[in-house]
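Worksheet: one structure, shown below.
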Amino acid sequence: MNHKSKIGAILSLILFCSVLTKAENNSKATLEKKRIEQRVDSVMRLMTLEEKIGQLNQLSSSEKTGPELSKSNNMDYVRKGLCGSMLNVVGAEMTRKAQEIAVNESRLHIPLLFGYDVIHGFKTIFPVPLAETASWDMNLIEKSARIAAIETSASGVHWTFAPMVDISRDARWGRIMEGAGEDPYLGSLVAAARVRGFQEQLNNNTDILACAKHFVAYGAAIGGRDYNSTDISERTLYETYLPPFKAAVDAGAATIMSAFQDLNGIPASGNEFTLRKILKHDWNFKGFVVSDWGSVGELINHGVAKDRKEAAKMGLNSGVDMEMCSLTYVDELAQLIREGLVKKELISNACRRILRMKFKLGLFDDPYKYCDTEREKNLIFTPQNRQASLEIARKSIVLLKNENHILPLDKNLKSIALIGPLADAKPEMIGQWPGKGEEDKAVTLFAGLKSHLPENTKLVYAKGCQIDDENESLFDEAIQTAKNADLVILALGEGKMMSGENTSRSNLELPGVQLDLAKAIIKTGKPVVVILTNGRPLAISWLNSHAGAIVEGWILGTEAGNALADVLVGNINPSGKLPVSFPVVTGQVPVYYNYKSTGRPYVPNEQWVTKYIDCPNDALFPFGFGLSYTSFTYSDIKLSDSKLQPNGEIIASVDVTNSGSIDGEDVVQFYIHDMVAQTTRPVKELKDFKKIRLSAGETKQVVFTIKPDELRYYDANMNFIAEPGDFKIFIGTNSRDCKEAIFSLEK
Ligand code: GLC
């Protein structure tokens, strides 16, 4: 056999083995699924109707994350087998105690599922999700979730109520902080990365069930007011709000949480169209749906259920499998069955979905596998975890302005004044949904600068004002401190309870008298660098016109101060890009990059066009925006062909050059615009991006492959298709500054 045929034989053998392994793995997975179903069947056969309903009942510990709904003694429900899950019970010891009651004192010894809100870290706190998204680094985002899962599972908890994947275009809505911003493509990638981080195989003791929430379109709250109604077209639902949930389900998310608000007139926690038709039928979702805090009971407040009995009926019939905290299922379902108003198989199906997850986690084999106090001590808040938090915090920071290269800080500065209510604010580094993060362990900007600035640079701190009150009595001290320094760092922004749940703001300006403080400090004529600590886009036009530099520092978690100082002193060249648009003024909101052109697209100095008479249409800082300490130049787009065949592909490429003197990273973004379609199309849609690193002076070719599938949209009849016609593509460093080219999709 000659050399060539030997290689051929070896390659075919390798291929055969890999096919065999794949087939073997598939058959193993199939066998495992069958085995679990058989074990679920065996338990279901033993259960009474009441015990099946009990699995659908979730109760909270005394650490409430919503309004008080019952004074009942939870553990009585557990002893009677009338509780399948508890939330806010945390710690190897605490969960063991509760689990022992369920396993030893209930008739069938079915273990409990423990859930908790691990939104951006458990004990080691990571940047809030909106900040992490600004890294545009899916590997780091997955790693962040993985570490959160390890710490959470070491604390006895099996399930996190995350990722929150609600798209939001309205910065008045405080929960924009918990999500991945305004774009469905980026939001889908982040959703999948976080699910992968939480759930690897589900059969070890470091995995936790993910819970994509809040299903669905909760972020479209009218007026940006939390819990408010949402009313959107079916096309907007499918194009904007559903994709990240589909990505989470495709990534294997074990659970979904139904939302509080009414969607097009039907509350999300009683919405058969979204829960049963889209999620369980069309998407074939096999996990289970848990309602958000009390949202089944709130069907009464919505006016779609006369009483708790009707609420229970609507919740179960619509597809909510587990009821969080409002106890209508455990109080009303048995009677509804007896009256023939609810089908028994709906209860069995919901119970099966929940038991399936308990078997997948291995809780029937070892109910205490997560309740190991030794493991808890060794795996939580480790130096490695803090380092990982620092790493992603550095990448989440967005440089919004840097006039005359005021940053990175000159190493020869003799003195720096650090002024502002967010300069030495531990709670604000952790933010809302702090998990078990300890505020006193957070590194503030002041602490970070003290450890990073050169010996010869004096750092003087003055608070200047509170975060959100009208008191100006500290101004004078701050102004004097500024006058005595070579440069001022102004630390401004929001308080920890000013973003997250139920924190909607009608005004996106800096709170309190912070802007007045900024004006007084800038009036001294000193160079001023602004560091923002905030969980949402703010309206910072005045600062943008008057400050020398602006750094978007978000809410960066335990290592916030170290990450910010790394960027300010130049250890790190910032590379973050905005996942949300920043408005010029609050009145512009909702403002987002993927808007429609309208019949009268804006043209400068034209009268009969879509515009405001007192504000530009464009955001102050657009989606995808972020500067670097270096600069990047883009060549014109090269297309491999101007015609894309129906089953072909074409290549679009640009050469990106680091034309500055510092190594750096840029996120090369790829957008399309369907120039003529059956429905109006966004002026841009993000379809791909590549985060690249370039040494000073280096040039790299960045390539994007365009296939017909990426051009699909919901046509006039809601068919998801790609239509022949002309398409414009945009490649650039943000959604505004792009090179353009046109190609056509052929018939
Ligand atoms: C809250 C939130 C939800 C959270 C749940 C449990 O009200 O809306 O995001 O997961 O209750 O704490």
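Quick look at the values:
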read-out	value
Residue count for the stretch 222-255, restricted to those that are of a type in the set (A, V, I, L, M, F, W, C) and farther than 21 Å from K596 by Cβ	7
Residues within the stretch 90-142 that are within 16 Å of the ligand (Cβ to nearest atom) and either modelled with pLDDT under 95 or surrounded by fewer than 24 Cβ atoms within 10 Å (Cβ to Cβ) (or both), tallied	2
Among the residues listed as S18, S27, S12, S42, the single one being of a type in the set (S, T, Y) and modelled with pLDDT of 85 or more	S42
Answer from H120, H109 - the residue that is under 20 Å from D292 (Cβ atoms) and assigned to a loop (DSSP other than H, G, I, E, B)	H120
Residue that is outside the structural domain of F359 (by TED's automatic domain parsing) and either surrounded by fewer than 24 Cβ atoms within 10 Å (Cβ to Cβ) or away from the ligand (no atom under 13 Å from the Cβ) (or both), where the choices are G219, G223	G223
Qualifying helices (runs of 4 or more DSSP H) (wholly inside the stretch 127-228; at least 2 residues being more than 23 Å from L532 (Cβ to Cβ) and among the charged types (D, E, K, R))	138-154, 184-198
Residue count for the stretch 455-485, restricted to those that are touching a helix residue (DSSP H, G or I) at 6+ places or on another chain (Cβ under 8 Å), of a type outside the set (K, R) and assigned to a loop (DSSP other than H, G, I, E, B)	5
For K64: the one exception among (1) part of a loop (DSSP other than H, G, I, E, B); (2) more than 34 Å from the chain's Cα centre (by Cα)	(2)
Criterion (more than 17 Å from P243 (Cα to Cα) and either in contact (Cβ under 8 Å) with a residue 12 or more places away in the chain or in contact with a strand residue (DSSP E or B) (Cβ under 8 Å, 6 or more places away or on another chain) (or both)) met by exactly one of D666, D688	D666
Selection count where residues are basic (K, R) and surrounded by fewer than 20 Cβ atoms within 10 Å (Cβ to Cβ), scope the stretch 242-282	2
Restricting the stretch 580-618 to residues that are of a type in the set (G, A, S) and without any contact (Cβ under 8 Å) to a residue 40 or more places away in the chain, the residue that is nearest to N507 (Cα to Cα)	G587
Failed criterion for E151 (all others in (1) touching a strand residue (DSSP E or B) at 6+ places or on another chain (Cβ under 8 Å); (2) more than 16 Å from the ligand (Cβ to nearest atom) hold)	(1)
Residue tally, condition within 13 Å of A210 (Cα to Cα) and of a type outside the set (V, I, T), over the stretch 121-166	12
Of residues in the stretch 367-391 being more than 28 Å from the chain's Cα centre (by Cα) and of a type in the set (D, E), the one farthest from A92 (Cα to Cα)	E374
Top-ranked residue of the stretch 67-89 - restricted to ones that are of a type outside the set (S, T, N, Q) and touching a Ser or Thr at 6+ places or on another chain (Cβ under 8 Å), ranked as modelled with the lowest pLDDT	L69
Residue tally, condition part of a helix (DSSP H, G or I) and among the hydrophobic types (A, V, I, L, M, F, W, C), over the stretch 41-57	4
Residues satisfying the stated conditions in the stretch 396-414, i.e. within 29 Å of D468 (Cβ to Cβ) and of a type outside the set (A, V, I, L, M)	S396, K401, N402, E403
Residue list for the stretch 249-265, filter: outside any loop (DSSP other than H, G, I, E, B), polar (S, T, N, Q) and away from the ligand (no atom under 15 Å from the Cβ)	none
Verdict on A217 being over 19 Å from V290 (Cα atoms) and touching a residue at least 40 places away in the same chain (Cβ under 8 Å)	no
Residue within the stretch 207-215 that is closer than 20 Å to L87 by Cβ, within 21 Å of the chain's Cα centre (by Cα) and away from the ligand (no atom under 16 Å from the Cβ) present	yes
Verdict on L564 being of a type in the set (A, V, I, L, M, F, W, C), closer than 22 Å to K414 by Cβ and crowded, with 24+ Cβ neighbours inside 10 Å	yes
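The values are calculated or read from the model by the stated rules, or taken from the named source; none is laboratory data. The model shown is predicted, which means the values in this text are computed figures rather than measured ones. Cβ atoms come from the backbone with ideal geometry, glycine included; neighbour counts cover every protein chain shown.
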